[in-house]
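To keep things clear, I will list the structure first and then write my remarks on it.
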Amino acid sequence: GVNLVAVGEEIFSQTCTGCHMAQDGVGPALTGMADRAAERVAGMSAEDYLYEAIVDPGAFVVEDYQNIMSNSYGSDYDDTELNGLVAYIMVAGSEGEGEGEPPR
């Protein structure tokens, strides 16, 4: 099968790191992004929030940030690529240590 995390990592490193790096910059940091996504909209999972934020970034502009993210990613990438981005952010953007994962 497809390794979604690897697919997402490649896209993220090429396309997203200009604004979403380890620390807050032009856009919110990748660090902790998955954890924040889980809390942002009541009743919405982190995965759903991230997917929606990628395809329609204007829907969820984080306070103190500009609505400057490209809104073409939903048409630029297919479902596998979009789901890969979400999968990568869920792994790389989570600060909590998952069960059975060695500490970083």
The local net charge around ASN71, scoring Lys/Arg +1 and Asp/Glu -1 for residues other than ASN71 whose Cβ lies under 14 Å from its Cβ, equals -3
So, over other residues within a Cβ distance under 14 Å of THR17, counting Lys, Arg +1 and Asp, Glu -1, the net charge is -3
Given unit charges at Cβ for Lys, Arg (+) and Asp, Glu (-), the dipole magnitude of the chain about its Cα centre in debye, nearest 20, is 200
Heavy-atom accessible area per residue of the chain, all protein chains kept, 1.4 Å probe, expressed in Å², is 62
The base-10 log of I(q)/I(0) that the Debye equation returns for the chain at q = 0.10, 0.19 Å⁻¹, one scatterer per C-alpha, is -0.25, -0.97
Using alpha-carbon positions, the gyration tensor of the range 1-61 gives root eigenvalues a ≥ b ≥ c; with a/c under 1.5 called rounded, otherwise prolate if a/b exceeds b/c, else oblate, the class is oblate
Other residues with Cβ under 13 Å from the Cβ of ALA53 give, with Lys and Arg +1 and Asp and Glu -1, a net charge of -2
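The values are calculated or read from the model by the stated rules, or taken from the named source; none is laboratory data. Because the structure is a prediction, the values reported are computed rather than measured. Glycine gets a Cβ as well: all are built from the backbone with ideal geometry, and neighbour counts include every protein chain shown. Ligands, DNA and RNA are stripped out before the accessible areas are found, and what is left, the full protein with its side chains, is counted by its heavy atoms. Shrake-Rupley method; radii C 1.70, N 1.55, O 1.52, S 1.80 Å.
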